[in-house]
1. Might you report the magnitude of the Cβ-based charge dipole of the range B:15-335 about its Cα centre, with Lys and Arg at +1 and Asp and Glu at -1, to the nearest 20 debye?
2. Taking the Cα centre of the protein assembly as shown as origin, work out the dipole magnitude from +1 charges on Lys and Arg Cβ and -1 charges on Asp and Glu Cβ, in debye rounded to 20.
3. Could you work out the mean count of beta carbons from other protein chains within 10 Å of each residue's beta carbon in A:148-159?
4. Run through the other copies and list how far each one's label point is from that of B:D105, in nm with one decimal, shortest first; the point sits 7 Å from Cα along Cα-Cβ.
5. Once the dipole of chain B is set up with Lys and Arg at +1 and Asp and Glu at -1 on Cβ about the Cα centre, which of B:G118, B:A335, B:I309 lies farthest towards its positive end?
6. Among B:G288, B:V250, B:T262, whose Cα lies farthest out toward the positive end of the dipole of the range B:243-294, if unit charges sit on the beta carbon of Lys, Arg (+1) and Asp, Glu (-1)?
7. Taking one equal scatterer on every alpha-carbon of the range A:288-327, how large is log10 of I(q)/I(0) by Debye at q = 0.20, 0.22, 0.31 1/Å?
8. For the protein assembly as shown, what is the Kirkwood hydrodynamic radius in Å, using each pair of distinct C-alpha atoms?
2 protein chains.
Amino acid sequence: MGVVVNLEDGKRDAASIRRLIDLTAGGMKRVNAEILSRAGSDVEMIPEVATHLISSGGKRLRPMLTLASAEMFGYSGEHHVKLATAVEFMHTATLLHDDVVDESDLRRGKKTARTIWGNQASVLVGDFLLGQAFRMMVEVGSLDALDVLSTAATIIAEGEVMQLAAAKHLETTEDEHFAVIKAKTAALFSAAAEAGAVVAAASRTDRAALRSYGVNLGLAFQLVDDALDYGGSTKDLGKNVGDDFREGKVTLPVILAYRRGTAAEREFWKRAIEDSKSDGEALGKAIGLMKKHGAIADTIARARHFGEIARDALAPLPPTDHKAALVDVIDFCIARVA
Amino acid sequence: MGVVVNLEDGKRDAASIRRLIDLTAGGMKRVNAEILSRAGSDVEMIPEVATHLISSGGKRLRPMLTLASAEMFGYSGEHHVKLATAVEFMHTATLLHDDVVDESDLRRGKKTARTIWGNQASVLVGDFLLGQAFRMMVEVGSLDALDVLSTAATIIAEGEVMQLAAAKHLETTEDEHFAVIKAKTAALFSAAAEAGAVVAAASRTDRAALRSYGVNLGLAFQLVDDALDYGGSTKDLGKNVGDDFREGKVTLPVILAYRRGTAAEREFWKRAIEDSKSDGEALGKAIGLMKKHGAIADTIARARHFGEIARDALAPLPPTDHKAALVDVIDFCIARVA
């Protein structure tokens, strides 16, 4: 397994999302202007903290999904730009709060906002961005879009609490873990894609197709991310390999290695994850055990499974550039660990 | 100055908001049921954390304002119940995040959620409640109400960041301080009152009256609260007298005593507030200086000023029980430090 490209890193080979980037270039220019304008406030600290994360080189995949989804159904107004911006703000707010909850010091290779401005500013600026996201949705005035996105906001928070409650719980089943990542990650991908369809007044069937595409893409995305944490390099990831391990996060590679392990191996995992006794040597051993049990390969296999479902979700739609671009995203996502 | 009653304490003499409580009793029963239902989640930790704070004996003044305001204009449906619940959830989410930001251990005399479940759970359950609040607003389907409440959510967060940025800044002017409490406290009172008028399809003029009533009531409420922190007792407040002082909070009594103080007194305030060198002796001296300069009395005078504006905001409305109940709230608020 070699890391080919990395979505969250500005320097990666973007070949396979090139089509999405090109198709949404016009809209994304407006989204970026909107982001800067809506992160503004007379309260100086707010744009400082907000743009620190916003300008830190994320690929803005989620707002691109919203734009592509709307334009795929022929939408040509401005509402999808506002919804796409709202989606990105919801994502940014989640990251700000996540870094506080996880006590993370690095994100995308840069210091996290909380290490510069403190946990307090991170919590509050996150709240501000969430408020701004809702204001933009209200301006768009679509109750259906508001429903989709406000429901996602609740589900994401539920997912985060689920993850917190299951923290260091090695007995977590694969199903329970899927429920967590479906809520904390896939729900926003799903809402991002569906909101575009909603604003374009797509049919119920088409909305459902985009929703299904989004949730399965999100699951694949998260699983690949979790696999990368045991197989990428610091440069590729914008974080250190083994960050999840050091933080005692129970991701799918860990769950599979633990379930398939011997009694002695499970003791190792307990010490490493539950007691946070993790060092370089322990990380090496963990990766060794994962390879022994095919845990990383099978995490990627699960990601492929969800990727296939995402692909089939779009299958009934007519063949357009936008559809092809959305399918490319699935391939791109999986190719990071191809 | 003696503390007569305390809004946030279940055991206070509630005589002067009795009329509001009686008038909204039917609606509040439904609000309370809605609160329990909407704080529910399959994720066990969510209702635990949420109801800990929700059931800790707050008076639920804000949702009562929404109900009374709607019913004053003849509304008799269910939408105001949902909006009132959303308002209470916004308030609860703010408290959860506030306690994390302020590192508070006590609220209303009980341990804060963060001391029991940790900062992480407090941040995330706050996010969940905010999400649920928006879902309820979306269910009501009034874009005007959504506008009022989502704008308030943004302003509240801005106010909190403003407060954080101005923390321990003794040179804060009274105007700057009013801007902070207007955003962090009064904006929700204002939105709570206006949302009721909106859902009852009140006229623009009537909406403006309720908005103005709410914001000025909120200012008075906060100023009285800040005065009480230097003049109540632990039992009355549900927190210790001097909590604000020990946390180095620059509230109006401090601002006035500092501005009116001698050079030597300002040195005292700097040590006490900026360097957090505050002990029992220092608190005694602080209260002494406030009395010397009339800082507490004038904080209450400012509160009365805003209370009068709130009263005049309602003046043009026809004399009804509901109007009388809302006016009572102003008096009640001020009477806490009468």
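1. 620
2. For the protein assembly as shown, the charge dipole is close to 140 debye.
3. 6
4. The projected label point of B:D105 is separated from its counterparts by 2.8 nm.
5. B:A335
6. B:T262
7. Debye curve over Cα of the range A:288-327, log10 I(q)/I(0) at q = 0.20, 0.22, 0.31 Å⁻¹: -0.63, -0.69, -0.95.
8. For the protein assembly as shown, the Kirkwood estimate is 26.4 Å.
Just so you know, all these numbers are worked out from the coordinates, no wet-lab data involved. Not measured: the values here are computed from a predicted model. Because the Cβ atoms are built from the backbone with ideal geometry, glycine has one as well, and the counts that use them run over all protein chains shown.
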